Amino acid sequence: MDRNRLLAPLAAALLSLPAAAGAATPWVDLETGGAWSIYNDVRIPGNSGKAFSLTDDLATSPAPYTRVRLGVTLGRHEVSALYAPLRLTAQGVAPADITFNGRTFAAATPLRGTYRFDSYRVGWRYFLVQGGPVDVALGVTAKIRDAAIAICDATCSVRSDTGFVPLASFLVHWRFAERFGLLLDGDALAGGPGRAEDVTLALTWEAAPQVTARAGWRFVEGGADTASVYTFAMVSYLGGGLTVRF
């Protein structure tokens, strides 16, 4: 997938919104930190492959991450676009024969694995409560996942998957002190053959009238169980973010 072709029209649409609404407030949000895999279970094909774990059968290393979000607040409405890439690598020795994506890797073979999960989202939220010590918003998110799992010895077998996922979106921000708050923010949905959750809990600090910093924990969990693929993973994040309004 060409990221620039996807993100450019989203950014242009968001940046054009202030011209259409006098009360619009554009903003940009950056988040960075470290990510590590809690579990990552794979079976491909889902009905005939050999189940294995990128965290238990191999060792997955922690990795840095960065997320970028552009948004516009229009009164009680908020529209945003998110780009959230993720890369994790694993290595070890196959504890048993592993059948993955049409190939069999023999037991005791040194293996390398990669897990890529890039998320592109466009979301809308409506603030049910706004302007006091507590903000509460609900909405919907359209997510495109661009994912791939690779297992390698001398050569690699790669399974890629790109798909659309609709999610429910929520935000609760409690300002418990003059400049400090507690933020619960996420997208999530479960049903059918899979589920997806991306939720953060963070302490916020108003560094300036138009600048809010935060630090906290995020988890991303989910996957699918179908005839062609079984994959469920949970990734934990520790990081900080900065939101600047214009």
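Among the trypsin sites (Lys or Arg not before Pro) in the stretch 166-226, those placed in a DSSP loop whose Cβ has at most 15 other Cβ atoms within 10 Å are 179. Model label sites at residue 126 and residue 106, defined 7 Å from Cα along the beta-carbon direction, differ in position by 6.3 nm. Sparse packing (at most 16 other Cβ atoms within 10 Å of the Cβ) combined with a DSSP loop state is found for the following GluC sites (Glu not before Pro) in the stretch 171-246: 178.
Using a cutoff of 8 angstrom between alpha carbon atoms and counting only pairs six or more residues apart, the relative contact order for the stretch 179-226 works out to 37 percent. Cβ-Cβ distance of residue 211 and residue 47, R₀ of 45 Å, FRET efficiency by 1/(1 + (r/R0)^6): the value works out to about 0.30. Diffusion coefficient of the stretch 3-245 by Stokes-Einstein, Kirkwood radius over Cα pairs, 10 °C, 1.306 mPa s: 82 µm²/s. If you plug the beta carbon distance of residue 176 and residue 148 into 1/(1 + (r/R0)^6) with R0 = 45 Å, you get a FRET efficiency near 0.60.
Every number in this text was worked out from the coordinates using simple rules, so none of it is lab data. Since we're looking at a predicted model, the values are computed, not measured. Positions of Cβ are backbone-derived with ideal geometry, glycine not excepted, and every protein chain shown enters the neighbour counts.
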